[in-house]
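To start, the structure itself, in structure tokens.
The values are calculated or read from the model by the stated rules, or taken from the named source; none is laboratory data. Predicted, not measured: the structure shown is a model, and the values here were computed from it. Quick reminder, even Gly has a Cβ in these numbers, built from the backbone with ideal geometry, and neighbours come from all protein chains shown. Keep in mind that these areas ignore ligands, DNA and RNA; they rest on the heavy atoms of the full protein, side chains included. Shrake-Rupley method; radii C 1.70, N 1.55, O 1.52, S 1.80 Å.
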Amino acid sequence: MDALYSIILGIVEGITEFLPISSTGHLIVAGDLLRGMTSTPWTREMRSAFEVVIQGGAILSVLVYYWKDFLKIRTIPTDSTQRQLWTSVIIGCIPAVILGALFGSTIKRLLFTPSVVAWALIVGGVLIWLVESRRVTPTIHRIEAITPIKALGIGAVQCLALLWPGFSRSASSILGGMLLGLDRPSATQFSFYLGFITLGGASLLDLIKSRAALSQIGSVNMILGIGVSFIVAYLSIGWLLRFVSTNDFKPFAVYRVILGMIILALIATGVLSNASLA
């Protein structure tokens, strides 16, 4: 049963990590509802460590999906376009790195609860609807044209996901990009790039801290979770890029509000605990 639990959570992580719907919110609900599936009860530390592990599979999918683009890093010394792109990506990651280093542990301890996540989903859904309803005319149609200043602004907006668990890193970075003049495909792709760096670094640090819990999970469960998360996330990236080329994000806004209300209802009925998840 542990294997099935790992596969299901890997699917949930792979689908939700890069969509603007909050992987945190989905993993909270799925993990809690499926807690009886494991052969032995998983501790909070084990669940948290496993979420970091399967997030690694989703992060790896970005590297594989854009491997040709990432290989262009080799031309940075001679290609000014690549220098600007990767300078912008790194600058866009700086606000989250600083905020995470200063307040990450405190935010997790105080705000990492299902009710906080539920309200983040709802408010984020409303904001996505408002941004789509009063759309800024796009002036940037390729990520290579993103300036370091705009990247810093996107990175600052991305911090909403850190300050308010459940808001969604993808949602905040995509919204930030759209508000600063990026078209949907460019804002979405830049969000993938930011996620590869910020999530990759954060996951590596969390894995180092979670060595003891990882040993309890077992290598088979970790391999299953990583593999499933990687495959599903890879497919999700392609689907989202195709979707945003002809659609807006309003369906995600509606979905977020509904999910947030479901989580609040589950808390009210006692099906879902509102205890801290950190």
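Kindly list the number of the only condition in (1) at pLDDT 95 or above; (2) more than 19 Å from the chain's Cα centre (by Cα) that fails for LEU102.
Failed condition: (1).
Here are some residues: VAL126, VAL117, VAL136. Which one is in contact (Cβ under 8 Å) with a residue 24 or more places away in the chain and surrounded by 20 or more Cβ atoms within 10 Å (Cβ to Cβ)?
Of VAL126, VAL117, VAL136, the one residue that is in contact (Cβ under 8 Å) with a residue 24 or more places away in the chain and surrounded by 20 or more Cβ atoms within 10 Å (Cβ to Cβ) is VAL117.
Which of the residues spanning the stretch 250-278 are in contact with a Pro (Cβ under 6 Å, 6 or more places away or on another chain) and farther than 25 Å from MET46 by Cα?
Answer for the stretch 250-278, where residues must be in contact with a Pro (Cβ under 6 Å, 6 or more places away or on another chain) and farther than 25 Å from MET46 by Cα: just PHE252.
Is it true that PHE70 is in a loop (DSSP other than H, G, I, E, B) and either open to solvent by 20 Å² or more (accessible area, probe 1.4 Å) or farther than 16 Å from LEU214 by Cα (or both)?
No; evaluated as a whole, the condition is false for this residue.
Of the residues ALA202, ALA161, which single one is farther than 19 Å from TRP239 by Cα and at pLDDT below 85?
Result: ALA202 is the single residue among ALA202, ALA161 that is farther than 19 Å from TRP239 by Cα and at pLDDT below 85.
With the condition kept exactly as written, say whether any residue in the stretch 188-210 is open to solvent by 20 Å² or more (accessible area, probe 1.4 Å), out of contact with any helix residue (DSSP H, G or I) (no Cβ under 7 Å at 6 or more places or on another chain) and over 27 Å from ILE73 (Cβ atoms).
Among the residues of the stretch 188-210, at least one is open to solvent by 20 Å² or more (accessible area, probe 1.4 Å), out of contact with any helix residue (DSSP H, G or I) (no Cβ under 7 Å at 6 or more places or on another chain) and over 27 Å from ILE73 (Cβ atoms), which makes the answer yes.
Any chance you could count how many residues in the stretch 218-230 are touching a helix residue (DSSP H, G or I) at 6+ places or on another chain (Cβ under 6 Å) and open to solvent by 10 Å² or more (accessible area, probe 1.4 Å)?
Total meeting the criteria: 6.
Which residues, taken from the stretch 34-58, are surrounded by 19 or more Cβ atoms within 10 Å (Cβ to Cβ), more than 16 Å from LYS108 (Cα to Cα) and of a type in the set (S, T, N, Q)?
Correct list: GLN55 only.
Any residue that is open to solvent by less than 10 Å² (accessible area, probe 1.4 Å), in a helix (DSSP H, G or I), of a type outside the set (Asp, Glu) and farther than 25 Å from ARG44 by Cβ - is there at least one of those in the stretch 231-238?
yes
If we keep just the residues of the stretch 239-278 that are closer than 26 Å to LEU34 by Cα and among the aromatic types (Phe, Trp, Tyr), which is most open to solvent (accessible area, probe 1.4 Å)?
Applying the filter and picking the extreme gives TYR255.
Taking the residues in the stretch 77-102 that are in contact (Cβ under 8 Å) with a residue 40 or more places away in the chain and within 25 Å of LYS209 (Cα to Cα) as candidates, determine which candidate is least open to solvent (accessible area, probe 1.4 Å).
Filtering first and then ranking leaves CYS93.
Restricted to the stretch 1-33, and to residues that are open to solvent by 20 Å² or more (accessible area, probe 1.4 Å) and acidic (Asp, Glu), which residue is farthest from the chain's Cα centre (by Cα)?
Filtering the stretch 1-33 for residues that are open to solvent by 20 Å² or more (accessible area, probe 1.4 Å) and acidic (Asp, Glu), the one farthest from the chain's Cα centre (by Cα) comes out as ASP2.
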